[in-house]
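A short worksheet on the structure shown next.
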Amino acid sequence: MYYKTIKHPSSKEWIVLFHGFGGNGTIFYKQLKAYRSNYNLLLLDLPGHGKSPLPQGVDLMEYSAQKTIAILEELKICSAHFIGLSLGTIVMQEVALLNPKKIKSMILGGATPKLKKWGELLCRTSMLYPVRTLLPHMVPYKIFARVLLPKSNHADSRKAFIQEAYKLSKETYIKWIIDGVYKKTAFYKLNQHENNIPKLYISGSEDHMFLQNTIDYATKESNARMEIIPNCGHVCNIEESSKFNDLSLSFMEEVNEQKHSRQVV
């Protein structure tokens, strides 16, 4: 799995960045300047995205988590703050199931614990044999993007959402839909276990596909909080980048201070 690091001259703290479906590490272009001032950065390209090849015969969620842990070991990163968008938030949960000690905190932007019924129906329809063989995969992807990000203030994030997805192969599109929609996600599995990872959920008030289910999950977790950005859609790190950056940086600083206080005591 391809990765890129951006090193800080003195900091020992790391942020691992997980992009969403169809994207790659460049989707965090509005976060890099803010984050790199105090942190080392590790940007991942999920399988079949960016510069990462699509593996055969694996569960993509589990494979992505295993590869992430292997990369952390290779770079000798004991623990890091995890920041994910959309699909990336599911992969983060998979890492938490395998090795929660690697995660200092989680920031989940536009979390995707569960599609609404009609959203799931749209995905499943695109996977029906005659549809997926005859129709270019970008057609249902564009429809989903328009449904997910319908308003004029979502235009920039919708454009980025679609533009990066043109780089996906049809095989990658189908495999991620199957592994991400047809199976119980890591949100569900992790919810069955007690975990104390500090979590910050950041969602837009107009994220009509995922917001309510995200609120439901966040309220059930013992060490999680929820921030809802007004007049903002699903891709909140682009649409309201300044707010997203401020919230995430403050949260990570708070987690670092709490850890330092425990060590001193």
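Helix 211-220 axis versus longest C-alpha principal axis of the chain: approximately 40°, rounded to the nearest ten. In the calculated pair-distance distribution of the stretch 21-127, the portion above 25 angstrom amounts to 22 percent of the Cα-Cα pairs. Put simply, the amide H of F82, placed in the peptide plane, has neighbours under 5 Å in V16, K104, S105, M106, I107, leaving out anything fewer than 5 places away on its chain. Give me the distance in nm between label points sitting 7 Å out from Cα along the Cα-to-Cβ direction at Q258 and E120, one decimal. Output for this residue pair reads 3.2 nm.
Please report how far the C-alpha centroid of the stretch 26-45 lies from that of the stretch 142-162, rounded to the nearest whole angstrom. Cα centres, the stretch 26-45 to the stretch 142-162: 23 Å.
Extension gain for E13-S250 works out to 83.9 nm (0.36 nm per residue, less the C-alpha to C-alpha distance). The accessible-area ordering, largest first, of the residues W176, W14 stands as W14, W176, per a 1.4 angstrom probe. Taking amide H atoms as placed 1.01 Å from N in the peptide plane, the amide H of I229 lies under 5 Å from those of S203, G204, S205, each 5 or more residues away in sequence or on another chain. For the stretch 1-81, the square roots of the Cα gyration tensor eigenvalues, ordered a ≥ b ≥ c, give a/c of at least 1.5 with a/b no greater than b/c, which places it in the oblate category. Divided by 2.2 N^0.38 Å, where N counts the residues, the Cα radius of gyration of the chain comes to 0.96.
Counting only protein heavy atoms and using a 1.4 Å probe, the accessible area of R146 comes to about 130 Å². Taking every protein chain into account, the 1.4 Å probe leaves H208 with about 60 Å² of accessible area, to the nearest ten. Using R0 = 35 Å, the C-beta based FRET efficiency linking A70 and A155 works out to 0.35. Relative to the current alpha-carbon distance between K30 and I6, full extension at 0.36 nm per residue lengthens the span by 7.2 nm. To the nearest ten degrees, helix 138-148 and the longest principal axis of the Cα atoms of the chain are 60 degrees apart. For K220, the aspartates and glutamates whose Cα comes closer than 19 Å to its Cα, not counting residues fewer than 8 places off in the same chain, are E94, E194. Computed over the chain with a Gaussian network model linking Cα atoms closer than 10 Å, the most mobile of F244, F28, F144 is F144.
What is the calculated FRET efficiency for L98 to Q56, with r their C-beta to C-beta distance and R₀ = 22 Å, to the nearest 0.05?
Details: r = 21 Å, r/R0 = 0.96.
So, using R0 = 22 Å, E works out to roughly 0.55.
Helical content of the chain, expressed as a calculated mean residue ellipticity at 222 nm, amounts to -14000 deg cm²/dmol (DSSP H runs of 4 or more residues, -39,500 (n - 2.57) each, divided by residue number, nearest 500).
In this view, the solvent-accessible surface of D246, computed with a 1.4 Å probe and all protein chains in place, comes to about 100 Å².
When only C-alpha pairs under 8 Å and at least 6 residues apart count, what is the relative contact order of the chain, in percent?
Working: 440 pairs, mean separation 55.1, N = 265.
This gives 21 percent for the chain.
Please compare each pair in K76/K101; K4/K51; K116/K170 to a cut-off of 20 Å on the Cα-Cα distance and tell me which ones are over it. Among K76/K101; K4/K51; K116/K170, the Cα-Cα distance tops 20 Å for K116/K170.
Here the Karplus curve 6.51 cos²θ - 1.76 cosθ + 1.60, taken at θ = phi - 60°, turns the phi angles of the stretch 102-111 into couplings of 6, 10, 7, 7, 10, 10, 10, x, x, 4 Hz, with x standing for Gly and Pro.
The values are calculated or read from the model by the stated rules, or taken from the named source; none is laboratory data. This is a predicted model, so every value here is computed, not measured. Quick reminder, even Gly has a Cβ in these numbers, built from the backbone with ideal geometry, and neighbours come from all protein chains shown. Heads up: the accessible areas ignore ligands, DNA and RNA and are worked out on the full protein's heavy atoms, side chains in. Shrake-Rupley method; radii C 1.70, N 1.55, O 1.52, S 1.80 Å.
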